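Just below is one structure, and these are the notes that go with it.
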């Protein structure tokens, strides 16, 4: 679907033209090596501007900050990340091979040797770590980012 001329002008005014006026080459463009943050929405923001407040995809600094286009919390993907983490962080997640359990919004594994938990929330699709000694739930970020790092995508 192509953009109408007036739509093209509005987008350029907010992106590449603004960058040009500020003397920042490459900003506001989707070209190789250009600094770019990208959002995607379902629908036409020229018809309903409010949808820009709730993007379905946000890429910033080369990482997905929000990604509502994929099911990030499938059992297979969660177990893949847990298995990868057990190998990568064996000192913190021992013994490996724990069974994935589900409680409320969390899929998690308990590691009695290190008194730790690793879990994923289906509410926000974030990966969480908790050590029983401090009892604090530590947000490790979006699962989709860990899928990339662990090559589980």
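What follows is calculated from the coordinates using simple rules that are stated; it is not laboratory data. From a predicted model like this one, the values you see are computed outputs, not experimental measurements. In this analysis, Cβ positions are derived from the backbone assuming ideal geometry, glycine residues included, and neighbour counts consider all displayed protein chains.
The table below lists the values:
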| read-out | value |
| --- | --- |
| Estimated FRET transfer efficiency when R0 is 30 angstrom, pair residue 24-residue 74 (beta carbons, to 0.05) | 0.15 |
| Kirkwood Rh in Å, taken over all unlike Cα pairs in segment 75-149 | 12.1 Å |
| Under 11 Å from the residue 90 label point (7 Å along Cα→beta-carbon), backbone N, segment 109-153 | none |
